[in-house]
Amino acid sequence: SIQDKNALHLYSINGKYLGSETLKEEVSDMCVTGEHIVTGSLQGFLSIRDLYSLSLSISPLAMRLPIHCISVTKEYSHILVGLEDGKLIIVGVGKPAEV
């Protein structure tokens, strides 16, 4: 975060700069899973982005409270979201029939 500007920067394993994406929120936690980056923000948004393009895969989900931590299950079937008030939100991943 520099001068109220937040961004994700993408680098190769060898340190080559690949790109960046400016963010509207302040990221509080991040998890890289497979080909996606899952981020939680202090503004209460859960975002899922493509790992290579950094573009949003779906519209951010509003949790209405600051997100303190996120985790993804081994099977990539659910996202666990810890909120500021101590609640644990479980978000199903995939099509509604699969969830």
Residue match in segment 48-56 (condition: open to solvent by 30 Å² or more (accessible area, probe 1.4 Å), free of Cβ contacts under 8 Å to residues at least 12 places away in the same chain and not in a loop (DSSP other than H, G, I, E, B)): yes
Can you give me the number of residues within segment 58-74 that are small (Gly, Ala, Ser) and open to solvent by less than 60 Å² (accessible area, probe 1.4 Å)? 1
Kindly provide the set of residues from segment 81-91 that are in contact (Cβ under 8 Å) with a residue 40 or more places away in the chain and out of contact with any Ser or Thr (no Cβ under 9 Å at 6 or more places or on another chain), ordered by number. 91
For segment 20-35, how many residues meet the condition of being out of contact with any Leu (no Cβ under 6 Å at 6 or more places or on another chain) and either outside any strand (DSSP E or B) or surrounded by 13 or more Cβ atoms within 10 Å (Cβ to Cβ) (or both)? 9
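Yes/no per residue for (1) among the polar types (S, T, N, Q); (2) closer than 22 Å to residue 9 by Cα; (3) at pLDDT below 95:
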residue: 67; (1), (2), (3): no, yes, no
residue: 75; (1), (2), (3): no, no, yes
residue: 81; (1), (2), (3): no, no, no
residue: 87; (1), (2), (3): no, no, no
residue: 93; (1), (2), (3): no, no, yes
Evaluate segment 57-80: report whether one residue or more is polar (S, T, N, Q), without any contact (Cβ under 8 Å) to a residue 24 or more places away in the chain and part of a strand (DSSP E or B). no
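The values are calculated or read from the model by the stated rules, or taken from the named source; none is laboratory data. Keep in mind it's a predicted model, so treat the numbers as computed, not measured. Glycine gets a Cβ as well: all are built from the backbone with ideal geometry, and neighbour counts include every protein chain shown. What goes into the accessible areas is simple: the full protein's heavy atoms, side chains included, and nothing from ligands, DNA or RNA. Shrake-Rupley method; radii C 1.70, N 1.55, O 1.52, S 1.80 Å.
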